[in-house]
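Asker: This structure is in C-alpha cells; I'll ask about it shortly.
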Amino acid sequence: MSNVDQPFIPEPALDRDCMTLSRHVLQQLHSFGAEAQDLSAIMNRIALAAKLIARRLTRAGLVAGALGFTGEMNVQGESVKKMDVYANDVFISVFKQSGLVCRLASEEMQKPYYIPENCPIGRYTLLYDPIDGSSNVDININVGSIFAIRQQEGLDEDGTASDLLQNNGRNQIAAGYVLYGPSTMLVYSLGTGVHAFTLDPSLGEFILSSENIRLPDHGSIYSVNEGNFWQWEEPLRDYIRYVHRHEGYTARYGGALVGDIHRILFQGGVFLYPGTVKKPEGKLRLLYESAPLAYLIEQAGGRASTGTQEILDVVPEALHARSPLIIGSKDDVALVESFIQDRARAVEERAARERSRIPQ
Ligand code: AFP
C-alpha cells in the first residue's frame, strides 16, 4: 500500500499543539459559515492584543515609560496607569481595518470608540477592561484583561450606545479573560463550556490546555478584601464571621479579579466584591468585569449574583455602571445569599411586629 492510501493518524502531542484558538472556535460552533468565521477572527484579534500586552508586561521593568501613572484620571475618577493606556490602545489597534467590530467600549474611555470603516459589515461590539488589577503592574504581580462580545443592535447613529443599556448580560455572545501570570492564559466561552489556552512563546500561539472546565459546587477559598469589613452591610459581616468560625475555609486575595477568579474556576470557592454602606453598588463595572465573568462562571457550572439578583439579569443604567459581585461555586454563592436573605427577613419581621403594635 502506498503512503497516499494510508489514513493519517497524527501523534496525540502534535494534534494537541495544533489546537489553536481560531480552530477551537470553529470546532465549538460546528460551522465554517460567515458568523463562525467572524467569531473565530475576533478571537484571533483578541489573542493578538493579549500577546502584545503580555510582551510589554514581560519587559515592563526595562522599557522606558511602561510603568507608573500618566498623571490623569479616568472616567471613574481613578488615576490612570501608563499600562492601562497602552493596553486600551492595543485593543483599538488590533480591531482597526478588521471589518469585524464596529464599536469598542472600555472602562478607560468615557464613550465608546467607533471604527466607522468597519460598521457597514462589523456587527459586533467589544466590551473590555484592558488591564484589570493595574495596581499590580508596578510590582510585577499578575494582572488580566477581561472581554465580552455582543451583537450590535441598530446603527447607534446618535453614539449613545443605548442598545447596551436595554439588554442584560444574557445578551453576550462570548466572554473571557486573559491572565498575565507565570504563563499567559486565555480563558473563553462561546456559550458551549469554558476552555483555557496557554500561550506557547516558542510558537507565539495560544494552545488549548484545558477543555470544558467545570467548577466544583463548593470550594474552600473565599476571596474578598477584608480591609473593608466595617464598611460592609451587616449580612456580609455575618458571612465572614461564619467562615472564621468554621473549619475548611481559606482566604486568598490578589487585588486583581482575573487571578482570583482563575483560581476559583479551577479550585472552587467564592469571590466577593460587595457594596459598602457608602457605595452600595460596589467597585466593579458591570459591562466590563462582572457580566463577562458571570457568563464564564455560569458556563462552568457556577453562579454570579449581586446578592439579590443574578448578575446576568442586571440591565445597566449607564455604560460605566457598577454592581456588587458574589461569584463562584454554586453552594458558596448560595451560602452568602442566605445571610442576606436572613437579615432581610429579620428586618421584615421586625417591621411587621412594629406595625401590629400601632393601634389602628
Ligand atoms: P484596579 O484595576 O484599579 O487596580 O482595580 C482592580 C479591581 O477592579 C479588581 O481587579 C480587584 O478585584 C479589585 O479592583 C481590588 O480592589 P480593592 O483594592 O479595593 O480590593
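The values are calculated or read from the model by the stated rules, or taken from the named source; none is laboratory data. Here the structure is a predicted model, which is why all the values come from computation and not from measurement. All Cβ positions, even for glycine, are placed from backbone atoms using ideal geometry, and neighbour counts span all protein chains on display. Accessible surface areas use protein heavy atoms only, side chains included; no ligands, DNA or RNA. Shrake-Rupley method; radii C 1.70, N 1.55, O 1.52, S 1.80 Å.
Asker: Which is open to solvent by less than 30 Å² (accessible area, probe 1.4 Å), away from the ligand (no atom under 16 Å from the Cβ) and either touching a residue at least 40 places away in the same chain (Cβ under 8 Å) or under 29 Å from residue 253 (Cβ atoms) (or both), of 198, 184, 192, 125?
Answerer: 184
Asker: In addition: Considering every residue within the range 238-256, establish whether at least one is within 16 Å of the ligand (Cβ to nearest atom), open to solvent by 10 Å² or more (accessible area, probe 1.4 Å), under 18 Å from residue 145 (Cβ atoms) and in contact (Cβ under 8 Å) with a residue 40 or more places away in the chain.
Answerer: The answer is yes, given that some residue of the range 238-256 is within 16 Å of the ligand (Cβ to nearest atom), open to solvent by 10 Å² or more (accessible area, probe 1.4 Å), under 18 Å from residue 145 (Cβ atoms) and in contact (Cβ under 8 Å) with a residue 40 or more places away in the chain.
Asker: Condition test on residue 265, is it of a type in the set (A, V, I, L, M, F, W, C), under 15 Å from the mean Cα position of the chain (by Cα) and away from the ligand (no atom under 16 Å from the Cβ)?
Answerer: So residue 265 does not fit the description; no.
Asker: Something else now. Please name all residue pairs, on different chains or six or more residues apart, with Cβ atoms under 7 Å, provided the first residue is in the range 283-307 and is within 10 Å of residue 327 (Cβ to Cβ) and within 13 Å of the ligand (Cβ to nearest atom) and the second residue is among the hydroxyl-bearing types (Ser, Thr, Tyr) and part of a loop (DSSP other than H, G, I, E, B).
Answerer: Pairs that qualify, where the first residue is within 10 Å of residue 327 (Cβ to Cβ) and within 13 Å of the ligand (Cβ to nearest atom) and the partner is among the hydroxyl-bearing types (Ser, Thr, Tyr) and part of a loop (DSSP other than H, G, I, E, B), are 284/323; 290/323.
Asker: When you check residue 48 against the structure, is it aliphatic (A, V, I, L, M), touching a helix residue (DSSP H, G or I) at 6+ places or on another chain (Cβ under 9 Å), surrounded by fewer than 20 Cβ atoms within 10 Å (Cβ to Cβ) and assigned to a helix (DSSP H, G or I), yes or no?
Answerer: Yes.
Asker: Taking the residues in the range 201-216 that are of a type outside the set (A, V, I, L, M) and buried (at least 16 other Cβ atoms within 10 Å of the Cβ) as candidates, determine which candidate is farthest from the chain's Cα centre (by Cα).
Answerer: Of everything passing the filter in the range 201-216, 205 is farthest from the chain's Cα centre (by Cα).
Asker: Scan (1) part of a loop (DSSP other than H, G, I, E, B); (2) in contact with a helix residue (DSSP H, G or I) (Cβ under 6 Å, 6 or more places away or on another chain) for the single condition residue 121 breaks and write down its number.
Answerer: Every listed condition holds for residue 121 apart from (2).
Asker: Within the range 131-161, can you find the residues that are among the small types (Gly, Ala, Ser), within 15 Å of the ligand (Cβ to nearest atom) and not in a loop (DSSP other than H, G, I, E, B)?
Answerer: If the condition is that a residue be among the small types (Gly, Ala, Ser), within 15 Å of the ligand (Cβ to nearest atom) and not in a loop (DSSP other than H, G, I, E, B), then 134, 135, 144, 145 are the ones that fit.
Asker: Sticking with this one: Check whether at least one residue in the range 62-81 is more than 16 Å from the ligand (Cβ to nearest atom) and either part of a helix (DSSP H, G or I) or farther than 30 Å from residue 283 by Cβ (or both), and report yes or no.
Answerer: yes
Asker: Just name the residue that is surrounded by the fewest Cβ atoms within 10 Å (Cβ to Cβ) out of those in the range 111-122 that are at pLDDT 90 or above and out of contact with any Lys or Arg (no Cβ under 6 Å at 6 or more places or on another chain).
Answerer: Selected residue: 111.
Asker: Just checking: which of the helices (runs of 4 or more DSSP H) contained wholly in the range 246-360 hold 2 or more residues that are at positive phi?
Answerer: Because the criterion is at least 2 residues that are at positive phi, no helices (runs of 4 or more DSSP H) in the range 246-360 meet it.
Asker: Let me ask you something else. Tell me, yes or no, whether the range 223-230 has at least one residue that is over 30 Å from residue 48 (Cβ atoms), surrounded by fewer than 17 Cβ atoms within 10 Å (Cβ to Cβ) and of a type in the set (Gly, Ala, Ser).
Answerer: Looking for residues that are over 30 Å from residue 48 (Cβ atoms), surrounded by fewer than 17 Cβ atoms within 10 Å (Cβ to Cβ) and of a type in the set (Gly, Ala, Ser), one finds at least one in the range 223-230, hence yes.
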